[in-house]
């Protein structure tokens, strides 16, 4: 069943993005429509970003292997097998590169594919990008790169654990590539270390991530089970992630920034909210879980850089996510 994306990620058909205080973005409506390429546009974050960008001052183009997204130009390319020559004809001013494997569990099962997708393809893209007239590139890394548990929020200069698993290694290499091409060729690259993101269009079809798994179990099976309720994470709503990415396109400067909320909430709090929203009681299996038990972002650098930090409450974000899953179930 088709779901109206405006219900989940409102667009701004008149004074686009006028509900923010970012004059840099609002003023772009008077300029020419710069091309914005989004790789992985058919994925979880990609679909939300494209929905948010409808009626924006950008001419958006979705690049994915097979799936087309309605309302935008679609280019079908296997990014693990291309030299990105197609970018020459598109001549974009902005690229948001989302076409990566974004789950440690999936990367563990597909080590070679993870490296090909998260490292080799990104290197080929950046090699092509250095010869194009691109104003800003956005890449996504992950807060799972941080090492161990910490009672304090992680700052961007905290110790990393690149050799923990295949996923961390691929993201470490991705960040290294970004730094190399930024320093050697002056490419304007911003990397966001993304925290635990949730929201509409996130499903369990590829990887059984916690929040979509809980919603699907509650709605389809009438039960809620969690492995352990103690871990604390920095849960960030995908709509806020999209806001940050869009603001970054118009921002001066680049670098590596955390992208979360700066607030830690436990799995217990997540499942209690979902239980309240769905009317389904939950069961804590209280089984052992792998560390880290607490991962929360320090958001001071992003606040200084963009003047904005994700602010959708967990309660509000989960309520919006529930509506997506209800509509999808019909």
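Points worth noting:
- Test: residue in the range 108-131 that is part of a strand (DSSP E or B), closer than 21 Å to residue 257 by Cβ, in contact with a helix residue (DSSP H, G or I) (Cβ under 8 Å, 6 or more places away or on another chain) and at pLDDT 95 or above: no
- Which listed residue is in a loop (DSSP other than H, G, I, E, B) and at pLDDT 95 or above, from 312, 321: 312
- Restricting the first member to the range 303-329 and to residues that are on the phi > 0 side of the Ramachandran plot, and the second to residues that are surrounded by 16 or more Cβ atoms within 10 Å (Cβ to Cβ) and in a helix (DSSP H, G or I), the beta-carbon pairs closer than 9 Å and six or more apart or on different chains are 307/247.
- Only one of the numbered conditions (1) under 30 Å from residue 93 (Cα atoms); (2) surrounded by fewer than 15 Cβ atoms within 10 Å (Cβ to Cβ) is not met by residue 301, and that is (2).
- Given (1) at pLDDT 95 or above; (2) surrounded by 13 or more Cβ atoms within 10 Å (Cβ to Cβ), index of the condition residue 292 fails: (1)
- For residue 284, the conditions (1) in contact with a strand residue (DSSP E or B) (Cβ under 9 Å, 6 or more places away or on another chain); (2) within 27 Å of residue 150 (Cβ to Cβ); (3) surrounded by 21 or more Cβ atoms within 10 Å (Cβ to Cβ) are fulfilled apart from (3).
- Applying the condition of being outside any helix (DSSP H, G or I) and in contact with a helix residue (DSSP H, G or I) (Cβ under 7 Å, 6 or more places away or on another chain) to the range 37-62 and asking which residue is farthest from residue 198 (Cα to Cα) yields 57.
- Screening 219, 214 for residues that are crowded, with 22+ Cβ neighbours inside 10 Å, farther than 23 Å from residue 305 by Cα, modelled with pLDDT of 95 or more and more than 16 Å from the chain's Cα centre (by Cα) leaves exactly one candidate, 214.
- Residue within the range 205-215 that is part of a helix (DSSP H, G or I), farther than 26 Å from residue 247 by Cα, out of contact with any helix residue (DSSP H, G or I) (no Cβ under 7 Å at 6 or more places or on another chain) and free of Cβ contacts under 8 Å to residues at least 24 places away in the same chain present: yes
- Residue within the range 160-176 that is in contact with a helix residue (DSSP H, G or I) (Cβ under 9 Å, 6 or more places away or on another chain), in a strand (DSSP E or B) and either under 18 Å from residue 120 (Cα atoms) or touching a residue at least 24 places away in the same chain (Cβ under 8 Å) (or both) present: no
- Considering the range 138-159, and only residues there that are assigned to a loop (DSSP other than H, G, I, E, B) and in contact (Cβ under 8 Å) with a residue 60 or more places away in the chain, the residue that is surrounded by the most Cβ atoms within 10 Å (Cβ to Cβ) turns out to be 153.
The values are calculated or read from the model by the stated rules, or taken from the named source; none is laboratory data. Remember, predicted model here, so these are calculated numbers, not experimental data. Positions of Cβ are generated from backbone atoms using ideal geometry, with glycine treated the same way; all protein chains shown enter the neighbour counts.
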